[in-house]
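Below is one structure, written out as structure tokens, with a few remarks after it.
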Amino acid sequence: MTITNAQPEIMTELVRVAVVDDHESVRLGLSAACMREGFEFVEEGATVGELIERLHGRETDVVVLDLSLGDGSTITENVKNIQATGAGVLVHSIADRAAGVREALAAGAAGVIPKSAATATVMAAIRTVARGEVLNNLEWASAIDADVEFAKAQLGRRERDVLNLYASGLPLRMVAEQLGIAPSTVREYLDRIRVKYVEVGRPAPTKVDLLRRAVEDGILPNLDIDADDDEV
């Protein structure tokens, strides 16, 4: 009788990566590191628009994104446009851009890794984001906590109107009707309001948080904050 010691084959999912950075040397370095790691390097671009055009509909798991692209695009729109392709966003930036990192996180980026990090650390971060997990590290926490001053978010008049009505308890649809705008426009205002609160170190991810901020900033009278913790 022949005994064989068959071991089960270990299957690993292929991680598909793309990079957006306006420095060619950074793009080349990351592509080489990803291929050495066994990732599938799908595409690269100097801007998010260029990357999306080059992808031609191909899917990626993670896009490593620099915050300072210099093409006039905003951090929020870059993160949202990447997410629309189905990819997770890993911010890869210099450590002193706390405000930009906070905006990216508020827009939905899965994490941040400094450009000074070791290559192995960057590759591990890519794997984490590819699994659909949020990268909780020191850079992430520092970006959120960087503004210790309790400051008012600089909301415009229409943003204050939206916050007043929504935080008062009206559903998004009724806020839109009251102001004579589309529900999608109300949602855009709320996204911008949340970004502004994150930028001053006072995140407001839920409706209850927005109510607290509205009371704290005098947009609403001092109410008993007891509402459902729902989100837009």
Using a 1.4 Å probe on heavy atoms of the protein chains only, the accessible area for residue 61 in Å², nearest 10, reads 40 Å²
Of 73, 25, which has the most accessible area and how do the rest follow, probe 1.4 Å? 25, 73
Between residue 177 and residue 73, what is the label-point separation in nm under the 7 Å Cα-to-beta-carbon projection? 3.9 nm
From highest to lowest solvent-accessible area (probe 1.4 Å; ligands, DNA and RNA excluded), 123, 174, 35 read 35, 174, 123
Heavy-atom accessible area with a 1.4 angstrom probe orders 23, 92, 56, most exposed first, as 56, 23, 92
What FRET efficiency, computed as 1/(1 + (r/R0)^6) with R0 = 22 Å and r the Cβ-Cβ distance, is obtained for residue 115 and residue 36, rounded to the nearest 0.05? 0.75
Let me know the Kirkwood hydrodynamic radius for region 64-127, please, with Cα pairs as the basis and the value in Å to one decimal. 11.8 Å
Calculate one ³J(HN,Hα) per residue across region 184-193 by plugging θ = phi - 60° into the Karplus curve 6.51 cos²θ - 1.76 cosθ + 1.60, and present them in order as whole Hz with x for glycine and proline. 5, 5, 4, 4, 5, 4, 5, 4, 5, 4
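The values are calculated or read from the model by the stated rules, or taken from the named source; none is laboratory data. This is a predicted model, so every value here is computed, not measured. We place every Cβ from the backbone using ideal geometry, glycine too, and count neighbours over all the protein chains shown. Side chains are part of the model used for accessible areas, which takes the heavy atoms of the whole protein and leaves out ligands, DNA and RNA. Shrake-Rupley method; radii C 1.70, N 1.55, O 1.52, S 1.80 Å.
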